[in-house]
Amino acid sequence: MSSIDIHARHTMDRQTAQQAADDLSRDLADKFGIDYGWDGDTIHFERPGVQGQIDVTDDEIHVQAHLGFMLALLKAPIENEVSRQYSVRVVGRI
């Protein structure tokens, strides 16, 4: 199993950061068939072989995902999409 664990700092206000997270989730849903929904300041997403969450704070977005064997190839495109959507330097990857 492959994992994604990205911490990206941002300078947006919380509402704008949440909108960016929603835009990111919508884009991932369109590209990879991922279902998602909000629970407070966290977006939970899943599809067969993928599950994870996006947490939005005042100064950071944290994306965590677990990819099954067949979907491990999605790791780089998802990481690239997070970087592109937030136009920020990703400060941590595992």
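The values are calculated or read from the model by the stated rules, or taken from the named source; none is laboratory data. Keep in mind the model is a prediction, meaning the values are calculated, not measured. No Cβ is skipped: glycine too gets one built from the backbone with ideal geometry, and neighbour counts run over all protein chains shown. These accessible areas exclude ligands, DNA and RNA; they are computed on the full protein's heavy atoms, side chains included. Shrake-Rupley method; radii C 1.70, N 1.55, O 1.52, S 1.80 Å.
Within segment 1-48, the set of residues being under 17 Å from MET70 (Cα atoms) and open to solvent by 40 Å² or more (accessible area, probe 1.4 Å) comprises MET1, SER3, LYS31, GLY33, GLU46, ARG47, PRO48. Which residues, taken from segment 29-65, are of a type in the set (Lys, Arg) and without any contact (Cβ under 8 Å) to a residue 24 or more places away in the chain? Answer for segment 29-65, where residues must be of a type in the set (Lys, Arg) and without any contact (Cβ under 8 Å) to a residue 24 or more places away in the chain: just ARG47.
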